[in-house]
There are 2 protein chains.
Amino acid sequence: MGNKVDLDAFADRLSESLPGISVDCVVFGYDSQQLHVLLLKWKYEEAWSLPGGFVHSSESLDDAAHRVLDERTGLRSIFLQQFHTFGALGRAASGHESDYDKMRKILERMPLKGQKWDINWFAKRFVSTAYFALVDMRRARPHPDFLSERCEWVSLEEVPDLILDHRMMLDMALQYLRRQLQYLPIGRSLLPERFTMPELQGLYEAILGHPLVRSNFQRKMLNLGTLIRHEKLMTGAANKAPYLYSFDPVIYERLLEEGIGF
Amino acid sequence: MGNKVDLDAFADRLSESLPGISVDCVVFGYDSQQLHVLLLKWKYEEAWSLPGGFVHSSESLDDAAHRVLDERTGLRSIFLQQFHTFGALGRAASGHESDYDKMRKILERMPLKGQKWDINWFAKRFVSTAYFALVDMRRARPHPDFLSERCEWVSLEEVPDLILDHRMMLDMALQYLRRQLQYLPIGRSLLPERFTMPELQGLYEAILGHPLVRSNFQRKMLNLGTLIRHEKLMTGAANKAPYLYSFDPVIYERLLEEGIGF
DNA sequence: CTGTTATTGTATCAAAATGAAAAAATAGCG
DNA sequence: CGCTATTTTTTCATTTTGATACAATAACAG
């Protein structure tokens, strides 16, 4: 894919997007006892942001979010939920220094002259609907977009300054995720198909940010009735081997709809 | 206020609104054991809708929602919470028959010719952020807007067909309200300053849609620690007089922020 | 003043859920 | 076969919940 092709495609897509509306995705992944979030490092400047994009006139808000996620990770039919729409004035001023200036610098270095659209397209006031996604990190293939130089997983504790109000988005997403955990069998989307109980507990602890009592956690999860127990996982370690579990897809779907007092 | 003045003001406001973005409010009130919702009856046609409006370029999304609510009810600083943004394609086709045709008919009968904007402004694709509000019905003063002929409270069971996807908005708002009830001391906004325990219980039953056991409800509410007991209310009825209660404002605020496992 | 009625406020008791800790099971290894 | 590290199951006291019974009381009738 040559730069010219990218540029043309990018410009074409922009020209058929709704003005003033964007979507941003807080994509959570889980690995080695820690929550991670997918971030983009912009070209030319030390600027980081959540993956986002504009809404084509032929797609719904949800479609746009799914497309953005697909373009950045290659994943489809993912747990993706809208959680808030950010419509404050001066969102560009929410970041540390003048994000507007920084973005302007970046855009000015892009080979965008003479296009059907220009830098001012970005300078307009935007309302952004934010989604959060839960993803099995091992299945995602991070891929930067036209404006960014890298796309990578960052541990929650190592998140750098983010542009605009993206830090607020991340914080609110985490808050929603914690609340959802109370009544949804979240694990399904963040873990591989089969997992051990300690893995599941580690995930819950990473999301909640505090430790849980092992025995009680196990009892609660098993009593939910969504877990199917499979064969043991022989790791070679000198101790009792943990069972592998998976979510019962039927009961899982039912819980997703009804919610459960967890 | 003459019609001409209204029209000019309306046109002016439209011209300085963001294109493609609107807010809609699901305003809940409670009276005589029933939840009510504030609806608008449009001029000229049998069309009902939720109160809504457009977002001025000088105000945030939240500001716009507050303004709409103020304009329709005269109420300020109200419990108002964003709950979802509706961005499906063909939202206009979500209603029963062709809402688009119906709205077009209405707009064509409006004295709008020769304005800076026209009917096509409404025909564009819109993304709408929906809010739900909780209101003490006795303090609200319903007031129709320029496009509508009446603004009134309708019992939840008597809600007529609504235009666009407003029925879906209402249903989702109710769903969110029920969920919020689990961990927020909702009553504060929907009841007068002082209320009796049976009134509070009636409200909870109206929201949840099923009866609750009196003694257990009372125990739970009192144990929350948010209620202050005042003098008894002498109704003149031949039975034990109920106490009046109010919410402790300090504890109430704390609960609003933290939420409680209720 | 006393008994009756309707309703509100409290207490009781069994069942279920929760928190904390102990006990049992077991994979590998010396 | 014991030993260690870890997972899984039990146990038990405490708290919460659901259901029901009981106590309090405002008006009224006699």
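None of the figures in this text is laboratory data; all of them are computed from the coordinates on show. In this text the structure is predicted, and so the values were computed from the model without any measurement. Cβ: placed from backbone, ideal geometry, glycine included. Neighbour counts: every protein chain shown.
According to a simple spin-label model (label point 7 Å from Cα along Cα-to-Cβ), what is the distance in nm between residue A:104 and residue B:12?
Distance between label points: 3.1 nm.
For segment A:152-240, which GluC sites (Glu not before Pro) are in a loop by DSSP, counting at most 13 other Cβ atoms within 10 Å? Write out the running numbers ahead of the final one.
Values: sites: A:152, A:157, A:158, A:193, A:199, A:205, A:231; in loops: A:193.
Here the sparse-neighbourhood loop sites are A:193.
Between the helical axis of A:166-181 and the dominant principal axis of chain A, each derived from Cα atoms, what acute angle in degrees is found, rounded to the nearest 10?
20 degrees
Could you check the spin-label model distance between residue B:154 and residue B:43? Points 7 Å from the Cα along Cα→Cβ, value in nm.
That separation, rounded to one decimal, is 2.0 nm.
Take peptide A:53-62, look around each residue's Cβ out to 10 angstrom, count Cβ atoms belonging to other protein chains, and average those counts.
The per-residue average across the peptide is 3.
Just for the protein assembly as shown, what percent of DSSP beta bridges are antiparallel, to the closest 5?
75 percent
Averaged across the residues of B:17-23, what count of C-beta atoms belonging to other chains lies within 10 Å of each residue's C-beta? Could the numbers behind the result be given before it?
On the way: counts 0, 8, 4, 7, 9, 0, 2.
Neighbouring Cβ atoms belonging to other protein chains average 4 per residue here.
What's the longest uninterrupted piece of chain A once you rule out the trypsin sites (Lys or Arg not before Pro) that are loop residues per DSSP with at most 12 other Cβ within 10 Å?
A:125-239
What residues qualify as long-range amide H neighbours of residue A:85, i.e. H under 5 Å apart, gap of 5 or more or another chain, H built at 1.01 Å from N?
Distant-sequence amide H within range of residue A:85: A:130.
Estimate the FRET efficiency between residue A:210 and residue B:183 by the formula 1/(1 + (r/R0)^6), using the beta-carbon distance for r and 22 Å for R0, to the nearest 0.05.
Step by step, r from the Cβ atoms, then E = 0.75.
Of the listed pairs B:220/B:240; A:124/B:43; A:105/B:124; A:102/B:124, which have alpha-carbon separations greater than 28 Å here? Write down the numbers at each step before the final one.
Details: B:220/B:240 21 Å; A:124/B:43 35 Å; A:105/B:124 33 Å; A:102/B:124 33 Å.
With Cα atoms farther than 28 Å apart: A:124/B:43; A:105/B:124; A:102/B:124.
Place the label 7 angstrom along Cα→C-beta at residue A:90 and in each other copy, then list the distances from the first to the rest in nm, shortest first.
Those separations, rounded to one decimal, come out as 4.3 nm.
Antiparallel as a % of all DSSP beta bridges within chain A, to the nearest 5?
Expressed as a percentage, antiparallel bridges in chain A total about 75.
Order by neighbour count: B:221, B:110, fewest other Cβ atoms within 10 Å first, most last. Could you put the intermediate results ahead of the total?
On the way: B:221 19, B:110 15.
Fewest to most other Cβ atoms nearby, the residues stand as B:110, B:221.
As a test of the formula, what do you get for chain B when each DSSP H run with n ≥ 4 contributes -39,500 (n - 2.57) and the sum is divided by the residue count, at 222 nm and rounded to the nearest 500 deg cm²/dmol?
-10500 deg cm²/dmol
Would you mind classifying the protein assembly as shown by shape? Square roots of the alpha carbon gyration tensor eigenvalues, ordered a ≥ b ≥ c; an a/c under 1.5 is rounded, otherwise it is prolate if a/b is larger than b/c and oblate if not.
It comes out oblate by the Cα gyration axes.
So if I place +1 on the C-beta of Lys and Arg and -1 on the C-beta of Asp and Glu, and nothing else carries charge, what would the dipole magnitude of chain A be about its Cα centre? I want it in debye, nearest 20.
Dipole about the Cα centre, nearest 20: 500 debye.
Under a Cβ-only charge scheme (Lys and Arg +1, Asp and Glu -1), can you give me the dipole magnitude of the protein assembly as shown about the Cα centre, in debye to the nearest 20?
940 debye
Rounded, prolate or oblate: which fits segment B:177-256, taking a ≥ b ≥ c as square roots of the Cα gyration tensor eigenvalues, rounded meaning a/c under 1.5, else prolate when a/b beats b/c?
Here segment B:177-256 falls in the oblate category.
Within 10 Å of each Cβ in peptide A:178-186, how many partner chain Cβ atoms are there on average? Round it to a whole number, please.
1
What are the radius of gyration and Dmax of segment B:129-189, computed over its Cα atoms and given in Å?
13.3, 38
Against the longest alpha carbon principal axis of chain A, how many degrees, from 0 to 90 and to the nearest 10, is the axis of helix A:214-224 turned?
Rounded to the nearest ten degrees, it is 80.
Looking at the square roots a ≥ b ≥ c of the eigenvalues of the Cα gyration tensor of chain B, which shape do they give, rounded for a/c under 1.5, prolate if a/b is larger than b/c, or oblate?
Since a/c reaches 1.5 and a/b is larger than b/c, the shape of chain B is classed as prolate.
Working from the pairwise distances between different alpha carbons, so that the mean of 1/r is found and then inverted, what is segment B:16-95's Kirkwood radius in Å?
14.2 Å
Does anyone have the angle between helix B:99-109 and the longest principal axis of chain B? Alpha-carbon axes, 0 to 90°, nearest 10?
Between helix and principal axis, roughly 70 degrees.
Just to be sure I understand the model, the point goes 7 Å from the Cα along the line to the Cβ. What's the resulting residue A:81 to residue A:223 distance in nm?
2.2 nm
If the convex hull of the alpha-carbon atoms of segment B:154-212 is projected onto planes in all directions, what is the mean projected area in square nanometres? Mind dumping the intermediate values first?
On the way: hull surface 19.0 nm².
Mean shadow area of the hull around the Cα atoms is 4.7 nm².
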